Amino acid sequence: MKVNIDGETRHLFAVWYEDDVVKLIDQRKLPEKIEVFLASSTDDIAFAIKDMVVRGAPAIGVTAAYGLAMAKLKGEDMTVAVDKISKTRPTAFDLFKAIAFMKDNNFDMNAAKRYSSEISGRSKKIGEYGNELISSGNRILTHCNAGALAVVDWGTALAPMRIAHNQGKKIFVFVDETRPRLQGAKLTAWELGQEGIEHAIIADNAAGYYLRKKEIDLAIVGADRITANGDFANKIGTYEKAVVAKENGVPFYVAAPGSTFDFSIASGEGIPIEERSEDEVLVVNGKRLGPAESRAKNPAFDVTPHKYVTAFITEYGIFRPEDLGRVKILMNKDLFMKINQ
Ligand code: MRU
């Protein structure tokens, strides 16, 4: 991804392996600071995923792949390493895809590097297909951060916007702030700013207002897990955006690589939903909101039924939910994505 540091444009990845450690852009520090978090053990990797130093389904998968390869090189007990990493975040399917891939490849570091470059190459393809859905002048809604930070490079939902912008199309992005962790306001807005893409952050509850006024032409979001029938989990709040988009005739697209598709689950009912700490809701800028005795609930994801999805943008092309059987066939023919479940 393009990042301007002290007036110089640099190309950074969200995660990489260098000098015997896994390096991650510390997403907890953005947009104030670009800081690199160094993970040199499985415990560091598990902490980084759990505490959201790195987040976003594909980037979690890449971090797990590098982390397992590093654990093997350091002579760690691999059963323990796999167990610790697989217990970090339950919803993002990419985590389990990456673990299965690394097991199949004997936790080899070259396999982890390949995993990372495949994911980033595939997200570029998503961008190229998704770009075909964007016309100059379009106003696009997105939720959470499904950008390069959430992948390694390019992004899923943001990849089509990057390519459309690079081709000179004039676009405007409505960025849901995405309570409670504010991935939209802090990360998506930062990425779009670095690319020079025009955007505005909106309060989460403002999207319906703009959808009804027809000031949004299409919505593109990412996904954490997509099931066989096309139901999908994504950041909490996605469901209500999809319902309001359909109600107002606004196309709603879901961008994701094969590594996010879990064909072993028939429908969204089977997706495990992560519950995170109450403090993410109750504490803002170090200050507790609400009465001291009030509790909070904090589901990190919700499930959107497939009837609200116009189409999925994948590295294989664009597919309506009823055509996901074709994605399964294509994945089975694809040596990297081959479904071993
Ligand atoms: O809790 P997060 O920040 O990991 O949630 C991220 C999302 O919901 C993204 O939309 C999803 O992982 C797709 S990222 C390309």
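The values are calculated or read from the model by the stated rules, or taken from the named source; none is laboratory data. Here the structure is a predicted model, which means the values were calculated and not measured. Positions of Cβ are generated from backbone atoms using ideal geometry, with glycine treated the same way; all protein chains shown enter the neighbour counts. Accessible surface areas use protein heavy atoms only, side chains included; no ligands, DNA or RNA. Shrake-Rupley method; radii C 1.70, N 1.55, O 1.52, S 1.80 Å.
Quick notes
- Rounded FRET efficiency, nearest 0.05, which uses the C-beta distance separating residue 33 from residue 109 and R0 of 25 Å: 0.30
- Exposed loop sites are taken as trypsin sites (Lys or Arg not before Pro) in a DSSP loop (any state but H, G, I, E or B) with at most 13 other beta carbon atoms within 10 Å; the longest stretch of the chain without one runs 88-169.
- DSSP bridge orientation in the chain - percent antiparallel, rounded to nearest 5: 55 percent
- Relative contact order (%) - criterion: Cα under 8 Å, at least six apart; region: the chain: 15 percent
- One chain, two ends: residue 172 and residue 136. Fully extended at 0.36 nm per residue, the span grows by 12.0 nm beyond their Cα-Cα distance.
- For the range 134-293, accessible area per residue (1.4 Å probe, heavy atoms of protein chains only), Å²: 37 Å²
- Near residue 203: Cβ cut-off under 11 Å, other residues only, Lys/Arg at +1 and Asp/Glu at -1. The net charge is -2.
- Distant-in-sequence amide H partners of residue 152 (H built 1.01 Å from N, under 5 Å): 14
- Pairwise centroid distance, computed over Cα atoms, of the range 205-270 with the range 35-91, Å: 28 Å
- Measuring r between the beta carbons of residue 203 and residue 80 and using R0 = 51 Å, the FRET efficiency lands at 0.70.
- Among the GluC sites (Glu not before Pro) in the range 143-209, those placed in a DSSP loop whose Cβ has at most 16 other Cβ atoms within 10 Å are 198.
- Residues in the range 38-55 carry Karplus couplings, in order, of 9, 10, 10, 8, 4, 4, 5, 5, 4, 4, 4, 6, 5, 7, 6, 4, 10, 7 Hz; the curve used is 6.51 cos²θ - 1.76 cosθ + 1.60 with θ = phi - 60°, and Gly or Pro positions show x.
- Accessible surface, the range 2-120, averaged per residue in Å² (probe 1.4 Å): 43 Å²
- Lysine pair count for the range 2-120 [Cα-Cα under 19 Å; pairs on different chains or 8 or more apart]: 27
- Nonpolar atom fraction for the chain, defined as the carbon and sulfur part of the 1.4 Å probe accessible area, stands at 50 percent.
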